[in-house]
Amino acid sequence: MLYFQPDGKHAPVKVGQTLLDAAQVLGVEIDAVCGGVGTCAECRVIVKEGRELLRRPTEYEVNSLVPEDLDFGYRLACEAVIKGDGLITVEVPEESRGTKHRLQSEGLDTHVKLEPAVNAFQIVVEPPVLDSPGSMYERVEQALKNVGVRAEDVDQGVLAGMGPTLRRLGWRASAVLYNDRRLIALTESGKPVLGMAFDIGTTKLAGYLMNVTSGELLSKVSRVNPQVVYGEDVMTRLAYILNEKEGLNRLVRSVRGAINEMIEEACSAASVPRESVREIVLVGNTLMHHIVLGIEPSSLGASPYSPVVNSSYAVEGEKIGLSGGSGLIAYTLPNVAGFVGADCVGDVLATGLDKPEGTRLLIDIGTNTEMVLCSESAMSCASSPSGPTFEGAHVRHGMRALSGAIERISIDQSLNVRYSTVDGTPARGICGSGVVDAVSEMVKRGVLERSGRMKGDGTLKGIVRSQHGLEYLVAGASDNAIKKDITVTQGDVREVQKAKAAIATGIKVLLDQAGFSGRDLDHVFVAGAFGSYMDIPSAISIGMLPDIPLNKMTQVGNAAGTGARMCLLSRRARQTAEDTAKRMRYVELATRADFQQTFLKSLELAPY
């Protein structure tokens with residue numbers, strides 16, 4: 001029997017299966033940034049019992065784990081293969097779990113005229129009598145006409161229980177209609193009409209429960225996207241879907257289950273019945289969009305990376321496994337093209353980028369970074385596979401923004417390091433904003449050359465040489481929670497260079513194609529969880545963002561979530577989203593002749 005602690009989940013041992021495979025089947029969350037192909041070394045677990053039932057550590061494990069950790073029982077879950085039957089107990093340590101991240105759910109306020117797609121109308125229905133035996137539905141239709149509404153369709157569930165419902169309500173009811181045409185509920189008068197807006201991010205999920213009649217935000221919830229156990233970025237998840245027979249079904253079940261749990265959590269927090277939720281508005285990149293809807297996404301896996309559907313889409317919630325009130329509708333904003341999805345359209349709505357107000361740039365930084373350039377005459381967009389480095393992946397002591405993650409770093413002229421951690425707890429590793437700070441400060445103090453090479457002549461304070469090459473000491477073993485030196489390695493610097501160069505290349509290509517330079521930008525909006533917490537001057541100094549005055553930069557948080565809320569409250573916002581998606585000209589970076597040259601130039605750790 002195989003047990004995972006502290007979850008308490010267990011299953012029979014299957015010879016030939018990896019610990020990561022078993023964890024994914026059981027729903028045990030283990031960070032697997034690379035999707036389990038053995039390149040990220042993030043899926044560390046501790047084998048408490050049954051080490052002899054596993055194959056010997058692979059060469060990759062030996063190179064990725066220090067001897068002390070191997071002796072203690074650490075293994076990489078994706079590499080540890082079960083070879084025999086018996087009792088195996090595995091502990092998943094906190095740093096390998098995806099459950100307590102600091103998640104960005106805040107965003108801009110919504111400023112829209114209330115025009116929700118779901119509305120309630122108070123009606124009085126004439127009871128049937130012998131000399132007027134018309135059907136219940138005809139009587140409801142007439143009652144709606146009396147208040148100026150014409151119902152063209154009715155939810156089957158409403159129709160099935162219409163007679164008992166009307167009698168129970170004493171022939172006075174609140175009729176809930178979708179787009180003033182489809183009758184989706186009959187309920188007692190005075191019940192609130194609620195909706196939820198969701199940002200389905202690659203790393204995180206954010207949900208907002210709202211009273212669509214008043215526009216009031218009632219509660220908000222967030223959690224890690226449970227799909228992270230199948231890979232951290234869109235490409236590893238897409239590969240998992242294409243290579244695993246049950247891959248798509250597993251990802252669909254995991255995200256839909258999380259959405260349903262978040263609806264329950266949000267309603268409980270606001271002390272309102274789940275049955276009052278009548279509509280869900282969803283945004284996400286094209287792959288997340290397809291997965292939630294259960295659309296087979298293989299067309300996104302090869303050039304020209306075409307989505308199956310771009311336009312907005314409305315479907316009955318129960319048809320895609322989502323639950324709320326009767327007649328629940330799930331509505332998605334439109335995609336644009338490639339991996340520029342509905343979340344990017346939401347960003348544009350939230351920041352007002354669709355309005356002709358000068359030359360502006362929007363950057364939503366994540367494992368897949370989207371960017372939009374808007375001028376008086378045109379709007380262009382692109383996506384860049386910046387990868388999970390800023391989530392702590394591929395970094396020797398990297399971690400997500402959990403308690404104890406070093407998030408701010410400064411180095412003084414004497415090369416003394418000062419840092420702060422998430423929640424102020426003892427350091428456990430370095431998250432993305434801390435790594436960007438570290439690289440920026442190391443260049444500033446001469447520890448790094450602009451090429452990214454760490455100076456290794458032995459004269460600079462803090463630089464040490466280990467089996468991993470040159471490293472710069474950030475937090476000594478005696479001063480942190482893991483009792484090992486926390487460092488930034490030469491390899492870490494290279495990972496940051498590649499990630500920031502991918503972002504900078506997308507920006508430069510859009511600017512160049514439009515005939516602009518960074519100096520022509522009137523404003524830059526930086527969105528996304530990482531974009532909210534990173535230090536803008538650090539990002540500018542290493543060439544991630546354009547070198548423009550700080551008063552022209554605004555960090556806007558989860559703007560995609562704000563866009564989703566706007567569309568939940570306003571049909572006019574939905575039309576704007578449709579129009580905006582059609583206006584946005586998609587630029588496929590990989591096909592540009594200047595892509596490789598621009599990327600190589602962008603590796604330099606210097607402003608542009």
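So what is Rg over Rh here for the stretch 118-187, counting just Cα atoms and using Kirkwood for Rh?
Details: Rg = 11.0 Å, Rh = 11.9 Å.
For the stretch 118-187, the value is 0.93.
Classified by the C-alpha gyration tensor, the stretch 2-96 has a rounded form. Its axis ratio a/c, with a ≥ b ≥ c, is below 1.5. Label zone (GLU152, point 7 Å along Cα-to-C-beta; backbone nitrogen cut-off 20 Å) within the stretch 325-343: 327-332. Residues ASP71, ASP522, ranked from the fewest to the most other C-beta atoms within 10 Å, line up as ASP71, ASP522.
Model label points for LEU460 and SER214, set 7 angstrom from Cα along the Cα-to-Cβ axis, are 5.8 nm apart.
Under a cut-off of 23 Å between alpha-carbon atoms, report the lysines in cross-link reach of LYS9, not counting same-chain residues fewer than 8 places apart. Once the sequence-local lysines are set aside, what remains near LYS9 is LYS48, LYS83, LYS100. For the stretch 248-255, the Karplus equation 6.51 cos²θ - 1.76 cosθ + 1.60, evaluated at θ = phi - 60°, returns couplings of 5, 4, 5, 5, 4, 4, 5, 6 Hz by residue, with Gly and Pro reported as x. Positive-end ranking of LEU511, GLY215, LEU65 along the dipole of the chain, with charges on Cβ about the Cα centre, is headed by LEU511. When the convex hull of its Cα atoms is viewed from all sides, the stretch 488-553 shows a mean projected area of 4.8 nm². Annotation for SER478 and ARG172: the two label points, set 7 Å from Cα along the Cα-Cβ direction, are 7.8 nm apart. A value for Cα extents along the principal axes in Å was derived from the coordinates, and within the list [x] 86, 75, 43; [y] 120, 51, 50; [z] 101, 66, 44 it appears as [z]. Ordered by the number of other Cβ atoms lying within 10 Å of each residue's own Cβ, fewest first, PHE72, PHE198 fall into the sequence PHE72, PHE198. Going by a ≥ b ≥ c, the root eigenvalues of the Cα gyration tensor, does the stretch 340-492 fall in the rounded group (a/c under 1.5), the prolate group (a/b larger than b/c) or the oblate group? Prolate is the answer for the stretch 340-492, as a/c is 1.5 or above and a/b outweighs b/c. Counting 0.36 nm for each residue step from ASN551 to LYS113 and taking away their Cα separation leaves a gain of 154.7 nm.
Between SER303 and SER135, the modelled labels are 5.6 nm apart [label points 7 Å from Cα along Cα→Cβ].
Excluding same-chain neighbours fewer than eight residues apart, the aspartates and glutamates reachable from LYS582 by a Cα-Cα span under 20 Å are ASP343, ASP347, ASP354, GLU357, ASP364, GLU370, GLU376.
Tell me, ASP31, ASP69 in order of fewest to most beta-carbon neighbours within 10 Å? Before the final figure, lay out the partial values.
Working: ASP31 25, ASP69 15.
With the fewest neighbours first, ASP31, ASP69 line up as ASP69, ASP31.
Calculated [222 nm] ellipticity per residue, helices only, for the chain: -8500 deg cm²/dmol; basis is -39500 (n - 2.57) per DSSP H run with n ≥ 4, divided by all residues, nearest 500. By its C-alpha gyration tensor, with a ≥ b ≥ c as the square roots of the eigenvalues, how is the stretch 372-449 shaped: rounded for a/c under 1.5, else prolate for a/b larger than b/c, else oblate? Prolate, because a/c is 1.5 or more and a/b exceeds b/c. A cut-off of 5 Å between modelled amide H atoms, ignoring neighbours fewer than 5 places along the same chain, links GLY231 with ALA32, GLY35.
Rounded to the nearest Hz, the phi-derived 3J(HN,Hα) couplings of the stretch 412-428 under the Karplus curve 6.51 cos²θ - 1.76 cosθ + 1.60 (θ = phi - 60°) are 8, 5, 8, 6, 7, 9, 10, 8, 10, 10, 4, 6, x, 8, x, 5, 10, where x marks glycine and proline. Each of VAL493, TYR608, THR202 was scored by the projection of its Cα onto the charge dipole of the chain, and the greatest displacement toward the positive side belongs to TYR608; charges sit on the C-beta of Lys, Arg, Asp and Glu. The three principal axes of the C-alpha atoms in the stretch 194-332 carry coordinate ranges of 45, 29, 21 Å, sorted with the longest axis first. For the stretch 123-134, backbone phi angles converted through the Karplus equation (6.51, -1.76, 1.60; θ = phi - 60°) give residue-by-residue couplings of 10, 10, 9, 6, x, x, 9, 4, 8, 9, x, x Hz, Gly and Pro being listed as x. Could you tell me the distance between the Cα centroids of the stretch 287-324 and the stretch 543-608, to the nearest Å? About 22 Å separates the Cα centre of the stretch 287-324 from the one of the stretch 543-608.
Please report the relative contact order for the stretch 118-187, taking Cα pairs under 8 Å with a sequence separation of at least 6, and give it as a percent rounded to a whole number.
Values: 109 pairs, mean separation 29.8, N = 70.
RCO, the stretch 118-187: 43 percent.
Relative to the dominant Cα principal axis of the chain, helix 342-351 is inclined by about 90°.
Using 1/(1 + (r/R0)^6) with R0 = 51 angstrom and r between the beta carbons of GLU578 and TYR608, what's the FRET efficiency to the nearest 0.05? Walk me through the intermediate numbers first.
On the way: r = 35 Å, r/R0 = 0.69.
With a Förster radius of 51 Å, E is 0.90.
Placing a label point 7 Å from the Cα of SER403 along the Cα-to-Cβ line, the residues of the stretch 456-488 whose backbone N sits under 20 Å from it are 479-484. Annotation: extensible slack from LYS145 through ALA593 equals 155.2 nm (criterion: 0.36 nm per residue apart, minus Cα-Cα distance).
No lab work stands behind these numbers, since they all come straight from the coordinates. None of the values given here were measured: they were computed from a predicted structure. Glycine also receives a Cβ, built like all others from the backbone with ideal geometry; neighbour counts cover every protein chain displayed.
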